[in-house]
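Read through the structure below, which is laid out as structure tokens, and then see the notes.
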């Protein structure tokens, strides 16, 4: 696994100091501004659905949605209140219900939608990208334990919500959560999460899947952390159909600055 992007720039030491001029140049390459939360890249109306973390609802994602909206993106809540899991229905029926949200936002914006899931809802985002591929631009997850191989004993409290109630998620589907989405995907995680083990949020980097560590972030802080906002907005601000991993996009954008 490659510790790309913030994993390289947020570490303490000489490497972090050397990376700062690179980030400064990147900010000149892409339109950006400074918000109360820190640097934010500017959008051009790109739509993004922000799904809440487990046991929370729109109030938890409101600061992130507002910051993205003020930066020029079109951010949407998922519209289903607090996330308490599939709510007694089979996972495939639950995902079918969530498809309606993706379809609605696509019809309103007439543009491919970014799905941004936090914790448990990041699993929904990854699975929805398979079911709604033509409508989905990319997936971004925050502290999402998709790598079920790192939880063989099913002890992850987030994944346990998929086994709550009468409908236990089938083992085949559980194992399939690790499969890479058919669209570009960015997994943002922290070794200081406190709820999810970082190994469950990471796998091998590929041409379209990246895993970025942000140190010092607890599970309930992802939506308000300035570095996370910077990364998310940079991912959203990329030109459509020109996705590149975070570190590679820095190099490419600097070449055109």
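The values are calculated or read from the model by the stated rules, or taken from the named source; none is laboratory data. Please read all numbers here as calculations on a predicted model, not as lab measurements. Backbone-built Cβ (ideal geometry, glycine too); neighbour counts: all protein chains shown.
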Legend entry - Flag if residue 183 is under 25 Å from residue 225 (Cβ atoms) and over 16 Å from the mean Cα position of the chain (by Cα): no
Legend entry - Residues of the range 95-118 that turn out to be buried (at least 18 other Cβ atoms within 10 Å of the Cβ), in a helix (DSSP H, G or I) and touching a helix residue (DSSP H, G or I) at 6+ places or on another chain (Cβ under 8 Å), as a count: 4
Legend entry - Leading residue by the ranking (modelled with the lowest pLDDT) among those in the range 81-94 that are closer than 14 Å to residue 56 by Cβ and crowded, with 17+ Cβ neighbours inside 10 Å: 85
Legend entry - Filter result (surrounded by fewer than 22 Cβ atoms within 10 Å (Cβ to Cβ), closer than 17 Å to residue 53 by Cβ and in contact with a helix residue (DSSP H, G or I) (Cβ under 8 Å, 6 or more places away or on another chain)) within the range 176-192: 177
Inset, instruction - Exactly one condition in (1) surrounded by fewer than 18 Cβ atoms within 10 Å (Cβ to Cβ); (2) modelled with pLDDT under 85; (3) not in a loop (DSSP other than H, G, I, E, B) is not met by residue 26; state its number. - result: (1)
Legend entry - Given (1) assigned to a loop (DSSP other than H, G, I, E, B); (2) out of contact with any strand residue (DSSP E or B) (no Cβ under 9 Å at 6 or more places or on another chain); (3) under 22 Å from residue 188 (Cα atoms), index of the condition residue 127 fails: (1)
Legend entry - Check on residue 43, over 22 Å from residue 138 (Cα atoms), in contact with a strand residue (DSSP E or B) (Cβ under 9 Å, 6 or more places away or on another chain) and touching a residue at least 40 places away in the same chain (Cβ under 8 Å): no
